[in-house]
Amino acid sequence: MFLRKTVKARDKQAPLKTMEFSGRHLRHELKYMIDEGTYRALRGRLLPLMHHDEHGNNGEYRVTSLYFDDIYNSAYFDKTNGILTRRKFRVRSYDLDSSLITLEAKHKDGEFVSKLSQRLTMEQYKVLLSGDCGFMKDCEDEENAFGEYYRSDRLVALKPRVIVDYHREALIYPFGNVRITFDKKLSTCYNGIDMFEKGAFFSPVYPREIILEVKFDEYIPDSIQSVLHGTASQQSVSKYIICCDKLTEVKAHGI
């Protein structure tokens with residue numbers, strides 16, 4: 001089966017029962033690694049059913065994220081050890097637009113994912129790179145991305161870890177709030193932690209492999225599920241882990 005057995009597929013256009021936890025919208029997220037041929041076949045069958053995200057060129061845009069981790073590398077080891085409840089922080093930009101920078105706290109709660117997001121100015125971004133998050137102090141008691149980051153930094157000292165970069169093509173469908181993305185040309189930066197640095201050198205990690213992600217609220221309509229069924233086996237794919245491992249390999253062996 002492509003989808004988990006606990007997911008109910010249907011075409012009913014009924015109102016969704018959105019799940020919330022601490023102000024976060026909880027969603028299902030499934031991930032798969034596919035090749036170019038599978039991507040083209042899936043895309044061809046999904047386009048008549050779904051439509052491209054309004055952002056980017058034909059729903060495709062560049063995503064660049066700087067991930068943070070603490071002194072214990074908790075985000076890394078929680079993922080590799082299969083911890084069901086975990087969290088990671090990242091600063092994200094689209095098409096490297098310095099006027100649109102966000103800090104995100106992404107949560108994994110069992111089978112659900114969610115995130116909190118808050119805009120950053122370029123000045124705040126630069127300060128955060130230096131290890132100073134004092135500008136978030138007023139949000140210490142708030143349930144938002146700034147409050148979560150500030151509390152975590154005080155406890156375990158968050159630091160920039162790795163830059164993850166890829167090109168994303170996004171398809172959406174309103175019923176079930178379904179979002180299917182194809183992430184291509186996964187790359188990382190080998191010579192720094194500032195994604196906006198003019199001399200930042202991005203090199204491919206997965207030049208041909210494509211990461212398929214399927215996100216939805218309560219269900220996936222039958223029409224879409226029939227396209228996805230049997231396409232691939234679900235995997236525990238983490239761009240953060242993949243790029244961290246590659247960066248460690250390069251630093252250790254100079255390859």
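What's the local net charge at Ser238, with K and R +1, D and E -1, over the other residues with C-beta under 13 Å away? So the environment of Ser238 carries a net charge of +4.
Translational diffusion of the chain, estimated by Stokes-Einstein from the Kirkwood radius over alpha carbon pairs at 4 °C in a medium of 1.567 mPa s, is 67 µm² per second.
At the listed q of 0.21 Å⁻¹, the Debye profile of the range 45-159, built from one uniform point per Cα, gives log10 I(q)/I(0) equal to -1.20.
Amide H contacts of Asp53: Ala170, Leu171, Ile172, each under 5 Å away and 5 or more positions distant or on a separate chain (H built 1.01 Å from N in the peptide plane; Pro and chain starts excluded). For the chain, set up a Gaussian network in which alpha carbons nearer than 10 Å are linked by springs, and say which option among Asn57, Asn144, Asn177 fluctuates the most. Residue with maximal mean-square fluctuation among Asn57, Asn144, Asn177: Asn57. Taking amide H as placed 1.01 Å from N in the peptide plane, Val178 has its amide H under 5 Å from the amide H of Tyr173, each at least 5 places away in sequence or on another chain. The slack in the chain from Ala252 to Phe112, taken as 0.36 nm per residue of separation less the alpha-carbon distance, amounts to 46.9 nm.
How many lysine pairs does the range 51-161 hold where the Cα atoms are under 12 Å apart and the two sit 8 or more places apart or on different chains?
7
Run down the aspartates and glutamates and flag those whose C-alpha is under 15 Å from the C-alpha of Lys215, throwing out any fewer than 8 positions away in its chain. The qualifying aspartates and glutamates are Glu29, Asp53, Asp109, Glu111, Glu169, Asp183.
On average, how much accessible surface per residue is there in the range 48-181, in Å², for a 1.4 Å probe, leaving out ligands, DNA and RNA?
Numbers: 6300 Å² over 134 residues.
Normalised by residue count, the accessible surface of the range 48-181 is 47 Å².
Computed from label points 7 Å out along Cα-Cβ, the spacing between Asp138 and Thr38 is 4.9 nm.
How far, in nm, would the chain grow between Asn81 and Arg151 when pulled straight, counting 0.36 nm per residue and subtracting the alpha carbon separation?
Contour length minus the Cα-Cα distance gives 22.8 nm.
Measuring from a point 7 Å past the Cα of Ile193 along Cα-to-C-beta, which residues in the range 66-95 have an amide N at less than 16 Å? Counting only backbone N, you get 66-76, 89-92. Where only DSSP H runs of four or more residues are counted, the chain gives -7000 deg cm²/dmol as its mean residue ellipticity at 222 nm, each run worth -39500 (n - 2.57).
Using only the C-alpha atoms, the convex hull of the range 135-255 corresponds to 175 Å³ per residue. Atom-type composition of the exposed protein surface of the chain places 49 percent of the accessible area on carbon and sulfur (1.4 angstrom probe).
The values are calculated or read from the model by the stated rules, or taken from the named source; none is laboratory data. The model shown is predicted, which means the values in this text are computed figures rather than measured ones. Cβ coordinates were reconstructed from backbone atoms using ideal geometry, including for glycine residues, and neighbour counts include every protein chain displayed. Protein only, heavy atoms only, side chains kept; ligands, DNA and RNA dropped before computing areas. Shrake-Rupley method; radii C 1.70, N 1.55, O 1.52, S 1.80 Å.
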